[in-house]
1. Residue by residue through the range 239-287, note down the ones that are surrounded by fewer than 24 Cβ atoms within 10 Å (Cβ to Cβ), over 30 Å from residue 107 (Cα atoms) and not aliphatic (A, V, I, L, M).
2. If a residue has to be more than 16 Å from residue 247 (Cα to Cα) and modelled with pLDDT of 95 or more to count, how many in the range 15-55 make the cut?
3. Taking residue 93 as the residue in question, decide whether it is more than 30 Å from residue 219 (Cα to Cα), out of contact with any strand residue (DSSP E or B) (no Cβ under 6 Å at 6 or more places or on another chain) and not in a loop (DSSP other than H, G, I, E, B).
4. Tally up the residues in the range 70-102 that are of a type outside the set (Val, Ile, Thr) and buried (at least 23 other Cβ atoms within 10 Å of the Cβ), please.
5. Being part of a helix (DSSP H, G or I) and without any contact (Cβ under 8 Å) to a residue 40 or more places away in the chain is true for just one of 143, 109, 148, 171. Which residue is that?
6. Being under 11 Å from the mean Cα position of the chain (by Cα) and farther than 16 Å from residue 65 by Cβ is the filter here, so list the residues in the range 293-312 that pass it.
7. Take the conditions within 20 Å of the chain's Cα centre (by Cα) and either exposed (fewer than 15 other Cβ atoms within 10 Å of the Cβ) or under 30 Å from residue 42 (Cα atoms) (or both) and apply them to residue 232. Does it pass?
Amino acid sequence: MLNVAGQNPGFNLASREYTGRHNKLTIELPPEWGVEPVPVKKKILRSLDYLILWSSLAIGLLVLQAGSLLIPGLSLVEALAVALFGSIIGSAMLAAAGSIGSKYGIPTMVSLRGVLGREGSYLPTLLNVLQLVSWAAFEILIMSDAAMFLGPFLGDYTRYFWIIFFAGCCMFLALGGPVAVVRQWLKKFAVWIAFGATAYITYIVLSKSHEFVLFQGDGSLPIALALDLVIAMPISWWPLVSDYNRFSKSEKGAFVGTISGYTFANFWFYSLGALLVLAYPGTDVVRSIVSITFGALALIMLLVDETDNGFADIYSAAVSIQNISLKFSQRKLIVAITIVSVIIAALLPTEWQLAYESFLLMYIGPAFVPLLGVLFADFYLIRRGEYSVKEFYASAKRLKVKAMVAWAIGIIAYFLFFYVYTAIGSSIPSFIVSALSLYALEKAI
């Protein structure tokens with residue numbers, strides 16, 4: 001905002017104003033949303049905003065990488081079916097979790113105070129921060145590795161340049177905050193570039209061969225495990241979802257925008273990842289894209305939108321930490337988290353794909369799928385969709401033991417199904433087990 005008035009020169013730190021001899025230049029920093037409820041007048045994002053936001057967050061080179069893991073274990077038809085149904089199931093769970101944030105204007109980790117208690121919410125908060133810092137490092141790493149195909153113009157230091165460059169872009173967006181990113185970056189610019197690049201890549205891949213549909217797969221990947229792999233991606237976002245859906249003008253608008261946007265983009269990218277493996281066997285997805293005509297340009301266009309994934313990881317990590325302590329400002333936390341993510345990205349080996357698959361299946365699934373089942377049972381079944389705002393703040397209990405026990409039961413169920421009953425899958429059964437466990441404990445005790 002620019003104001004002109006006759007003033008004495010100086011800089012007012014409190015109002016963030018620079019006052020010149022003949023005019024006053026006022027620079028307004030975006031609001032620093034912490035853990036308090038977003039005021040109703042500030043809840044301005046609509047269904048289209050969330051469709052753009054969540055379709056953009058579902059777009060990414062990491063999602064293409066995850067989709068490539070479906071082949072050769074599945075046939076193409078099976079891979080597409082798993083990508084579709086997994087996207088629908090995971091996105092529905094994601095949107096349902098975000099409804100609490102939409103209703104009360106609170107971030108996700110604060111919403112867990114209602115079901116786990118204030119101190120009970122600290123454990124998932126710590127797990128979430130660990131997850132988000134890891135995700136941010138993964139995002140920075142894959143963006144920098146992709147940019148390396150543009151040429152090593154700084155020799156051995158090129159990779160580190162790109163790591164710092166993309167980390168800086170993500171940090172800048174995180175400092176801007178969700179509303180600015182959605183309205184000024186994604187809606188006006190980034191998401192449309194990414195859609196255009198993805199449509200071009202899809203067209204080239206489909207034009208390469210008409211025999212993809214005949215691919216049968218080698219059966220090395222059970223369908224249930226593949227479904228877990230697809231569901232893991234939208235589920236990885238549910239600990240963040242209310243950090244953004246808290247700005248929604250209506251609960252319905254946020255729900256519809258979230259489920260439609262994420263389902264559409266997640267299915268598209270998992271499917272495209274599988275197709276890239278068939279079209280360019282023996283090559284990872286980034287090299288596959290670069291190898292097509294104008295592929296380097298398409299890759300750059302995808303990287304433009306990839307930064308919003310890193311933004312979300314960094315921003316939500318800062319908000320999550322504030323659930324435990326408000327000692328540090330959000331902006332300082334954003335800078336610190338970015339630095340940690342840069343260090344991790346710089347130290348990670350370039351061949352990290354197998355570790356990424358294990359990260360999806362063995363960390364995100366067992367930790368957060370059962371917890372979502374506990375939250376679902378408490379909010380939708382036991383409380384019938386109603387909390388008191390005080391339960392998240394002044395009246396929040398220290399610890400709700402029954403919910404913690406139900407969560408632990410769900411985690412045990414996840415590993416039991418993962419190792420013993422592989423054909424059934426782990427995500428959906430553990431979700432159901434944890435939800436039913438809390439419901440039974442609340443009714444019996």
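1. 271, 280, 281, 282, 283, 284, 287
2. Restricting attention to the range 15-55, the residues satisfying the condition of being more than 16 Å from residue 247 (Cα to Cα) are 15-29, 55.
Still in the running and modelled with pLDDT of 95 or more: 55.
Within the range 15-55, residues that are more than 16 Å from residue 247 (Cα to Cα) and modelled with pLDDT of 95 or more number 1.
3. Numbers: more than 30 Å from residue 219 (Cα to Cα): no; out of contact with any strand residue (DSSP E or B) (no Cβ under 6 Å at 6 or more places or on another chain): yes; not in a loop (DSSP other than H, G, I, E, B): yes.
The answer is no for residue 93.
4. If we filter the range 70-102 for residues that are of a type outside the set (Val, Ile, Thr), which is where we start, we get 70, 72-76, 78-81, 83-87, 90-99, 101-102.
If we keep only those that are buried (at least 23 other Cβ atoms within 10 Å of the Cβ) as well, we get 70, 74, 79, 83, 86-87, 90-91, 93-95, 97-98, 101-102.
Matching residues across the range 70-102 total 15.
5. On the way: 143 fails: without any contact (Cβ under 8 Å) to a residue 40 or more places away in the chain; 109 fails: without any contact (Cβ under 8 Å) to a residue 40 or more places away in the chain; 171 fails: without any contact (Cβ under 8 Å) to a residue 40 or more places away in the chain.
The match here is 148.
6. Just the residues of the range 293-312 that are under 11 Å from the mean Cα position of the chain (by Cα), to begin with: 308-312.
Correct list: 308, 311, 312.
7. no
Each row is one residue, and each column tells you yes or no for (1) under 20 Å from residue 95 (Cβ atoms); (2) within 27 Å of the chain's Cα centre (by Cα).
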{"residue": "374", "(1), (2)": "yes, yes"}
{"residue": "379", "(1), (2)": "yes, yes"}
{"residue": "393", "(1), (2)": "no, yes"}
{"residue": "397", "(1), (2)": "no, no"}
{"residue": "401", "(1), (2)": "no, no"}
{"residue": "408", "(1), (2)": "no, yes"}
{"residue": "411", "(1), (2)": "no, yes"}
{"residue": "422", "(1), (2)": "no, yes"}
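The values are calculated or read from the model by the stated rules, or taken from the named source; none is laboratory data. The model shown is predicted, which means the values in this text are computed figures rather than measured ones. Here Cβ is always computed from backbone atoms with ideal geometry, including for glycine, and neighbour counts include all displayed protein chains.
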